[in-house]
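The next block holds one structure in the form of structure tokens; read it before the comments.
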Amino acid sequence: MRIQLSLLSVSALAAFALIGSPAVLPGSQAQAACHAQTFHDERAEGGACCFSDHFHSGSGTGGSRAQATVSAVRAWEDFVYFEYGASYDRWTMAHSKSVSCANGPGWSCTVEARACHRAG
């Protein structure tokens, strides 16, 4: 069944290309390639498939703001890997990122983002 759906998607994209539909724009191609690999809705964003409205966070501490940020990002990546696997766990691919830090004593940071994976 999975192969038939993939062939159907390829056929649909080819048909759109033949009639000149705007569906062949890069973002639309990415959207066609975004099929949820989890139970969360996904949408195409900048060549990636991202959770539409589902965020994850991570917290970390360190002797400096940079160290605490790295610790928080690692916590985010570790949790996302645990939940969804290696295709989603890169902070560099995530969208809607936020970082919040506080000092004293030592630094603590919290990061939040929507997980993404490469389209395709």
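Quick rundown of the values:
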quantity: Phi-based couplings in Hz for the range 67-81 (Karplus 6.51, -1.76, 1.60; Gly and Pro marked x); calculated: 5, 5, 5, 4, 4, 5, 5, 4, 5, 4, 4, 4, 5, 4, 4
quantity: Residue-wise HN-Hα coupling along the range 101-118, computed from phi with Karplus coefficients 6.51, -1.76, 1.60 (Hz; x: Gly, Pro); calculated: 10, 9, 10, x, x, x, 9, 9, 9, 10, 10, 8, 6, 8, 6, 9, 9, 4
quantity: Distance in nm between pseudo-label sites at Ser100 and Ser52 (7 Å out along the Cβ direction from Cα); calculated: 2.6
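Since every read-out is calculated from the coordinates, none of them should be taken as a lab result. In this text the structure is predicted, and so the values were computed from the model without any measurement. Backbone-built Cβ (ideal geometry, glycine too); neighbour counts: all protein chains shown.
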